[in-house]
Amino acid sequence: MTRSYKVRGQNYQPMSVDRALKFEETGTCSWYDESAFFGLKRGTTSLGEKVMPWHLSGAHKTLPLPCVVQVTNLENGKSLNVRINDRGPFIPGRILDLTPRAAKKLGFHGDGLTRTHLKVLSVGDGPYKRKRTGWWPF
């Protein structure tokens, strides 16, 4: 999904798949909870997918949806692969929002914010999935 969109009077143009496959970014990451487990109320992403607190997913303003990114917490060195399937964060200075479980695994759930580095690993799903070239998981 690379369609442009508008939030709070600002226009956003998601990047192309080719550009995204080479994309890396460093900045402030936060976490958000779009779901309520015991009330069985679920949030919904920009792709229409259900969000539960145990999912490892996140939101980015301009990456094509869906994509998988490697997120590294620069405060403690912990790293995690996360599916980006939503838009946001729309707070100035933040580059990424994650689900509570992702924030816990990266070790910043209690703090709310951390400095991270993200690298796109793949864009798309199923037969439309394209992987970053020249990347090795070890």
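Results, tabulated for the structure shown:
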{"read-out": "Entries of Lys6/Lys131; Lys78/Lys129; Lys78/Lys119; Lys6/Lys119; Lys6/Lys61; Lys78/Lys104 with Cα pairs more than 19 Å apart", "value": "Lys6/Lys131; Lys78/Lys129; Lys6/Lys119"}
{"read-out": "Check: the chain dipole with +1 on Lys, Arg Cβ and -1 on Asp, Glu Cβ, in debye", "value": "260 debye"}
{"read-out": "Value of relative contact order over the chain, rounded to a whole percent, pairs C-alpha under 8 Å and six or more apart", "value": "30 percent"}
{"read-out": "By average C-beta atoms within 10 angstrom, highest first, the peptides 81-92, 61-72", "value": "61-72, 81-92"}
{"read-out": "Within segment 87-102, backbone nitrogen closer than 14 Å to the virtual label 7 Å beyond the Cα of Leu113 toward Cβ", "value": "89-97"}
{"read-out": "Label point distance in nm, Asp33-Ser4, each placed 7 Å from Cα along Cα→Cβ", "value": "3.7 nm"}
{"read-out": "Cα Rg, Dmax, the chain, angstrom units", "value": "14.3, 44"}
{"read-out": "Computed label-point distance, nm, for sites Arg130 and Lys78 using a 7 Å Cα→Cβ extension", "value": "3.3 nm"}
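Read the figures in this text as sums done on the coordinates, not as results from a lab. As the structure is a prediction and not an experimental result, all values here were calculated from the model. Neighbour counts run over all protein chains shown; Cβ positions are idealised from the backbone, glycine included.
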